[in-house]
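Since every read-out is calculated from the coordinates, none of them should be taken as a lab result. Note that the coordinates shown come from a computational prediction; the quantities given were computed from them, not determined experimentally. Note that we place each Cβ from the backbone using ideal geometry, even for glycine, and neighbour counts take in every protein chain shown.
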Amino acid sequence: MKTNVIINGECVEELNKLPAESIDLIFADPPYWMRVDGVLNRPSGSEYDGCADEWDNQFSSLEDYKSFTKSWLNACVKVLKPNGSIWVIGGMQCVYTIGAIMQDLNLWFINDVIWWKTNPTPNFKGTRINNAHETMIWATKGKSARYTFNYKTAKELNKDTVFEKDFNAGIRKQLGSVWRIGVCQGEERLKDENGVKLHSTQKPESILYRIIALNSKLGDIVLDPFGGTMTTGTVAKRMGRKYIMIENNRQYCEFGQKRLDAVKECIGDIEKAIFDSKPPRVSFEEMIQAGYFKVGEKLFYNSKPYFFLTENGKIIRQDSEPLDIHTAIARVKNSTANRLNGWDYWEVRRNNEFVSIDNIRQKYISEVKYDVWYTKNIDGFNNAR
């Protein structure tokens, strides 16, 4: 299967040519079927060039739109890997229809995300409230799918609910399901040879950046069955992913190819999902051998000594058998659980002060173990590419 390509053709036909279960992540921005009639003028009298394109007005009825939607979604399901993710974006005109069909095809919803537009088009007629959002549905092939979700990376992308000064101070919060992002404009907006915007509904790169960062790894294959201006491919390439774009409009393909040709990879910690890489596991035994703990050292809880450290990393006291730190703290606290996370509770005494054993563990990782772990992970990231 060729990757890093634009395929000029009809989406269902081209999707059916791809190998089954070969795609890691799909982003689909299908026709909304907005059902626009007549001419819409701004208050100034100028005509508003919204979405009245042929590709969005090709449907004769709701049943026709449903049939089209089921066809392309079914083809996407076939090429998506068992643990892959699919995102579909839509406005109020279509998202409920699309969502129902997704469920009919047994896709499992993980989240719906609101794209809250910071600069939406006004409602010129004043006949309804301003339509300032679109909805994205994130789904998998089944409830038990082990999909990629870079949870900590998502926190690094969340500046929607964290003030900049707090973010810079190290405060992180879960990324929410409302994303405040502006409509595509300025230099990012593609224009044709006459300087007119090429595509009516070009999506901002910021949306794709978040989705690709959340749901993929370096080297993964990202598919967009409605390539348009190739925003998905552009962001995927920049982030070190492979891409397959399908688009039936030749002009979009030509301008999109020029856009992709100009893209250079820019791989940082977000692209590598370094925040979600699990740190190395370490044992008391190896930390004792490295001199970070001492055999016979007392372990304290609430400033009271309970156990002594043995040479094999267990802890012991005169009236009990050797225990691990997790079982021991559960017994000391009379917990209903058999085990608690001992790293969160036990302390040792250093220079007449109590020090968390977890702080010493982190010190050992950063000073001894981290360089080996980091090098191993970087090699893995590079090999994936």
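What the phi angles of the range 285-299 give under the Karplus curve with 6.51, -1.76 and 1.60, with θ = phi - 60°, is a coupling list of 4, 6, 6, 5, 4, 8, x, 7, 9, 10, 4, x, 5, 7, 10 Hz, glycine and proline written as x. Once the Kirkwood radius over Cα pairs is known for the chain, the Stokes-Einstein relation at 20 °C and 1.002 mPa s delivers a diffusion coefficient of 88 µm²/s.
Projecting the Cα atoms of ALA100, ALA273, ASN168 onto the dipole axis of the range 5-276, where Lys and Arg carry +1 and Asp and Glu carry -1 at the beta carbon, places ASN168 farthest toward the positive end.
Relative to the longest principal axis of the Cα atoms of the chain, the long axis of helix 370-384 lies at roughly 30 degrees. The charge dipole of the chain, taken about its Cα centre with unit charges on the Cβ atoms of Lys, Arg (+1), Asp and Glu (-1) only, comes to about 1200 debye. Of the residues VAL12, THR327, CYS76, the one whose Cα sits farthest towards the positive end of the charge dipole of the chain is THR327 (charges of +1 on Lys and Arg Cβ, -1 on Asp and Glu Cβ, taken about the Cα centre). The listed peptides 230-241, 187-198, ordered by packing as a protection proxy, come out as 230-241, 187-198 (highest mean of other Cβ atoms within 10 Å first). For a modelled paramagnetic label at ALA20, 7 Å from Cα along Cα-to-Cβ, the residues of the range 62-99 in reach, with backbone nitrogen under 14 Å, are 75-82. Residues whose amide H comes within less than 5 Å of that of ALA28, counting only those at least five positions distant or on another chain, are TRP87, VAL88, ILE89 (H built at 1.01 Å from N in the peptide plane). The gain in end-to-end length when the ASP112 to ASN130 segment is fully stretched comes to 4.4 nm, 0.36 nm per residue minus the alpha carbon separation. Diffusion coefficient (Stokes-Einstein, Kirkwood radius over C-alpha pairs, 25 °C, 0.890 mPa s) for the range 105-263: 140 µm²/s, rounded to a whole number.
Measuring r between the beta carbons of GLU10 and GLU187 and using R0 = 35 Å, the FRET efficiency lands at 0.65. With contributions of -39500 (n - 2.57) from each DSSP H run of at least four residues, the per-residue ellipticity at 222 nm computed over the chain stands at -8500 deg cm²/dmol.
Full extension of the chain segment joining LYS78 with ALA290 gains 71.1 nm, where the gain is 0.36 nm per residue of separation less the Cα-Cα distance.
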